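Structure first, commentary second.
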Amino acid sequence: MNITQTRFYTVSYWAQTTYIYSHTEHTKLHLLHLSCMNKKPEREKAVMANVHNILLLCVFVIVSSSVSIAEEEKEYVLTLDHSNFTEIVSKHKFIAVEFYAPWCGHCKHLAPEYEKAASVLASHDPAIVLAKVDADNADNKPLAEKYEVQGFPTIKILRNGGEKIQDYNGPREADGIVTYLKKQVGPASPEIKTKEDVESLIDDKKIFIVGIFPKFSGKEYDNYMILADKLRSTHDFGHTSNAKLIPRGDSSVNKPTLRLLKPFDELVVDSKDFEVDAMEKFIEEASTPLVTLFDQSETNQPFLSKYFQSSESKAMLFFNYDHEKKDYFKSTYHEIAALYKGKGLIFLMGDVKDSANVLEYFGLTVDQTPALLVQDTKGVKYVSQNVQADHIAPWLKDFTDGKLKPYIKSEPIPETNDEPVKVVVSKSFKDMVLDSKKNVLLEIYAPWCGHCKKLAPIFEEVAVSFEQDPGVVIAKLDGTKNDIPSEEFDVKGFPTLFFKSSSGKIVQYEGDRTKEDMIEFIQKNREVTSELTSEESVKDEL
């Protein structure tokens with residue numbers, strides 16, 4: 001499956017179609033993307049997860065208070081379009097631009113917060129300007145393409161008259177927008193001179209990167225500043241000539257030192273390599289927890305988001321934190337994670353009390369915990385139920401050695417299946433679809449999907465039309481409760497329809513969702529089966 005991702009930093013985590021948890025900064029158990037995409041709502045699909053690259057996909061849901069702005073009040077957010085965009089942007093050293101669509105629900109949620117932030121930032125010295133562009137307008141779409149807008153809303157920070165483009169990676173509520181943009185308009189790396197500077201810049205619950213220099217000049221210092229500017233949208237930087245001010249680490253260093261402070265593992269890590277690429281790699285590796293925790297704390301969100309967006313295979317352990325052997329589970333898991341560091345397998349751990357929906361995504365229940373789950377780089381899942389701490393290491397070795405049998409989530413095969421639209425589940429997918437000698441039109445749907453609900457009665461009519469035709473099967477599969485055991489069925493959203501001919505050819509149906517068009521498509525693509533002569537055809541109900 002392929003995944004589509006938008007940028008939005010108030011997050012809800014979902015599992016396929018299962019809500020996992022919400023956080024006012026941003027993500028989903030990689031499968032459902034409910035963000036407004038760059039398409040008209042009548043053609044919009046609820047976007048499913050990509051299991052090729054990541055387990056969880058980001059779904060961005062705004063949790064914000066409504067701000068009423070009377071018509072007579074001044075609007076602080078500038079309205080840009082294709083006719084004035086370049087002119088206005090070129091006049092500002094710093095401007096934030098939101099690309100939105102009028103029909104997008106998330107954009108509507110953001111609007112009052114964005115306007116409120118603009119009113120506050122207008123009094124900043126110098127003023128920080130916020131603007132917006134209707135990127136769904138045909139005349140403005142070239143702007144959206146130029147700035148690589150993948151979904152709505154997307155905010156870009158443009159510097160030096162638009163010469164430098166930066167992604168906005170901050171909060172989506174007014175106060176957070178104000179704080180983030182004030183930081184972005186300032187120096188990428190503020191100087192730390194006093195204890196007061198330390199208190200205002202360094203949060204012991206977040207990652208902070210500091211450059212320690214005997215003097216603020218030379219190649220090391222210059223490269224550090226280049227890096228700070230490059231990563232300023234996602235990392236906090238500072239620099240000092242007095243290592244004693246830094247709350248952790250060797251205070252006697254007298255050579256250029258790159259120091260990363262973090263709230264986990266070894267708490268502080270130093271590097272002496274000031275090549276830009278080397279520093280970036282150091283920060284990437286040092287800022288990744290050995291074991292990511294699955295919880296809803298605000299400070300944990302960057303780590304959780306990073307984990308689920310990683311392209312590496314993922315190991316996940318869920319157990320009751322009140323378990324009598326909880327400490328042994330935790331220490332054992334951390335030791336194993338250390339052994340696999342840098343070997344393409346990353347680790348996450350969560351309490352079952354906070355993880356019910358993740359378990360549901362894998363088709364498991366709390367009774368089957370402690371549960372050890374792995375999803376590889378191709379999206380294939382492996383599960384060990386009621387695992388013991390001492391069995392974790394050998395089971396993971398079997399995974400890396402390719403000895404484990406993949407786990408496929410499936411509903412039970414229906415005892416009766418005599419309705420016009422046949423029900424397919426993962427366990428029956430091979431027999432009813434892949435190995436079937438009939439022509440099969442298969443809908444992959446989600447029960448909550450509005451477009452699927454709209455299609456249902458039409459799909460039923462199509463099925464009734466072919467009910468007496470032994471060479472055609474109209475079927476459906478609940479994509480939220482069943483894995484699809486074939487890479488040929490590339491599901492990007494709900495509903496998705498595939499046609500498999502009697503000889504095994506698979507093609508996605510992308511026509512109009514009308515009875516007439518679907519019947520015409522089937523007739524055009526069907527092949528004669530052993531049960532159907534070329535003279536037989538569907539009864540005409542058009």
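Computed from the coordinates by the stated procedures, all read-outs in this text should not be read as laboratory data. Since we're looking at a predicted model, the values are computed, not measured. All Cβ positions, glycine included, derive from the backbone under ideal geometry; neighbour counts span all protein chains shown.
Distance in nm between label sites at residue 233 and residue 456, each 7 Å beyond Cα in the beta-carbon direction?
Once both label points are built, they end up 4.1 nm from each other.
Read phi for every residue in the range 172-188 and hand back ³J(HN,Hα) as whole Hz from Karplus 6.51 cos²θ - 1.76 cosθ + 1.60, θ = phi - 60°, with x for Gly and Pro.
10, 10, 3, 4, x, 4, 4, 4, 5, 6, 4, 5, 5, 7, x, x, 5
Pairs to check: 343/405; 314/481; 403/476. Give those whose C-alpha atoms are more than 28 Å from each other in this structure.
Over 28 Å Cα-Cα: 403/476.
Pairs to check: 146/492; 195/306; 91/132. Give those whose C-alpha atoms are more than 23 Å from each other in this structure.
146/492; 195/306
For the range 94-165 and the range 199-257, what is the separation of their Cα centres, given in Å?
With the range 94-165 and the range 199-257 each reduced to a Cα centre, they are spaced 31 Å.
To the nearest 0.05, what FRET efficiency results for residue 82 and residue 108 with a Förster distance of 25 Å applied to their C-beta separation?
0.65
Straight-line reach only, C-alpha to C-alpha below 14 angstrom: list the aspartates and glutamates that residue 341 could link to, leaving out same-chain residues fewer than 8 apart.
Answer for residue 341, where 14 Å is the Cα cut-off: 265, 284, 285, 312, listed by chain and number.
By the gyration tensor of its Cα atoms, with a ≥ b ≥ c the square roots of the eigenvalues, what is the shape of the range 418-479: rounded for a/c under 1.5, prolate for a/b over b/c, or oblate?
oblate
Can you give me the C-alpha center-to-center distance between the range 348-391 and the range 483-497, rounded to a whole angstrom?
Comparing the Cα centres of the range 348-391 and the range 483-497, I get a distance of 23 Å.
Net charge around residue 293, counting only other residues with Cβ within less than 11 Å of its Cβ (Lys, Arg = +1; Asp, Glu = -1)?
Net local charge, residue 293 excluded: -2.
7 Å from Cα along Cα→Cβ at both residue 266 and residue 417: what's the point-to-point distance in nm?
5.6
Going by C-beta contacts inside 10 Å, put 173, 285, 220, 510 in order with the fewest on the left.
510, 285, 220, 173
Past 23 Å, Cα to Cα, is the threshold; run 183/262; 206/244; 378/437; 219/272; 281/397 against it and keep the listed order.
Result: 378/437; 281/397 exceed 23 Å.
Which of the peptides 496-507, 346-357 is most tightly packed, and how do the rest follow, judged by the mean count of other Cβ atoms within 10 Å per residue?
So the peptides 496-507, 346-357, ranked by packing, come out 346-357, 496-507.
I want to check the label-to-label distance for residue 206 and residue 175. Put each point 7 Å from Cα in the C-beta direction and report it in nm to one decimal.
1.4
Find out how many positive minus negative residues lie around residue 463, taking Lys and Arg as positive, Asp and Glu as negative, among other residues whose Cβ is under 11 Å from that of residue 463.
-3
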